[in-house]
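Structure, as C-alpha cells:
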Amino acid sequence: MRNHGEKTKDMAESVLPSTARRSARQERRRIHQRQRARERNLMVVVRGSAEHDDGDADFREVFRRRDISQMVWDRRGADKTGSLVRWAGSRVDRDDSLREASVDEQIQYFARLLPDNLIGRHAVQHIEFALEYRARPGYWRSYRAEQDARRRREHDQLATDLRAVLETGRHRELNEALRAGYLRQAGVRPCGAQPTVPVGAVGRLLLGAHDVDDFVNTVAGRHPWILDIARGLARKAG
C-alpha cells in the first residue's frame with residue numbers, strides 16, 4: 001500500500017498472484033496432449049471404417065473447451081482474494097445505503113469503483129461471488145453439501161456396480177460397452193447392435209478389480225453414461 005488514495009487500485013491488483021499458476025500451465029499442456037491423442041486415435045478408427053471418411057469425424061472439441069474452462073476456474077479459485085473480499089465487505093458494512101442495497105446494486109457499485117480493465121473486472125468477479133455468499137450463506141452451504149453428497153453416492157454406486165460386474169465374469173462385456181460408448185461420444189457409430197470396437201478407440205477401460213477405485217475417480221463426473229452402463233450390467237448380473 002503506497003497511500004490511502006491508491007487503495008482501490010491496490011485492492012484490485014492484489015488478486016492477481018494465483019498460487020496455482022504453475023499447476024495451471026501443466027494442466028493446460030495435459031489438456032492439449034489429450035486432445036491430440038484423441039484426434040490421432042479417432043483418425044485411426046475412422047480411416048479403418050469403410051462407412052466413414054474424415055469428414056464424418058467429430059473430434060469433440062467441446063471436451064477441450066470444457067477442460068480448459070475447468071482449468072481456468074481452478075486457477076481462479078487459487079487466487080489470493082482474502083484482502084480484497086475483506087475490503088469489499090468492510091465498505092458494504094460501513095455504508096448504510098450500500099448495506100441495504102441489493103446484491104446486484106452492490107456489484108454495480110464496485111464495478112464503477114474499480115478500474116474498467118482486465119484487473120478491475122477480475123476483482124469485481126471475486127467480489128460478486130463473495131457478496132452473493134454473504135447474502136445467502138445458508139443456501140450455498142446446503143447446495144455444496146448436496147452436491148458433495150450426490151457425488152459420493154454416484155462414486156459409491158459405480159464402484160459397487162463395477163465389482164458386481166467383475167464378480168459375474170462380465171469384464172469383457174463392460175469394456176466392449178465402454179469402447180462403443182467412447183466412439184458414440186466421438187461421433188463414430190460402428191455397425192451392429194453389439195459392435196466390436198477397435199482397441200484404438202479413446203477412453204479409460206477397467207483393468208480389473210484392483211483398478212476399480214482409480215477407474216471411478218477418473219470417469220465419475222466426466223462420463224455420466226458410464227454409470228448407466230455399469231448399472232445395467234450389474235442388474236443383468238442379479
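Remarks
- For the range 76-182: relative contact order, % (alpha-carbon pairs under 8 angstrom, 6 or more apart): 19 percent
- Rounded to the nearest 10 Å², the accessible area of Ser142 at probe 1.4 Å: 60 Å²
- log10 of Debye I(q)/I(0), alpha-carbon scatterers only, for the range 63-131 at 0.12, 0.17, 0.22, 0.28 Å⁻¹: -0.37, -0.66, -0.95, -1.26
- Karplus-derived 3J(HN,Hα) values for the range 120-131, using 6.51 cos²θ - 1.76 cosθ + 1.60 with θ = phi - 60°, are x, 5, 4, 5, 4, 4, 5, 5, 4, 4, 5, 5 Hz; glycine and proline are entered as x.
- Heavy-atom accessible area order for His32, His126, largest first, 1.4 Å probe: His32, His126
- Surface per residue (accessible, 1.4 Å probe) for the range 62-162, Å²: 64 Å²
- Only protein heavy atoms count here; under a 1.4 Å probe, Leu113 has an accessible surface of about 60 Å².
The values are calculated or read from the model by the stated rules, or taken from the named source; none is laboratory data. Here the structure is a predicted model, which means the values were calculated and not measured. Accessible surface areas use protein heavy atoms only, side chains included; no ligands, DNA or RNA. Shrake-Rupley method; radii C 1.70, N 1.55, O 1.52, S 1.80 Å.
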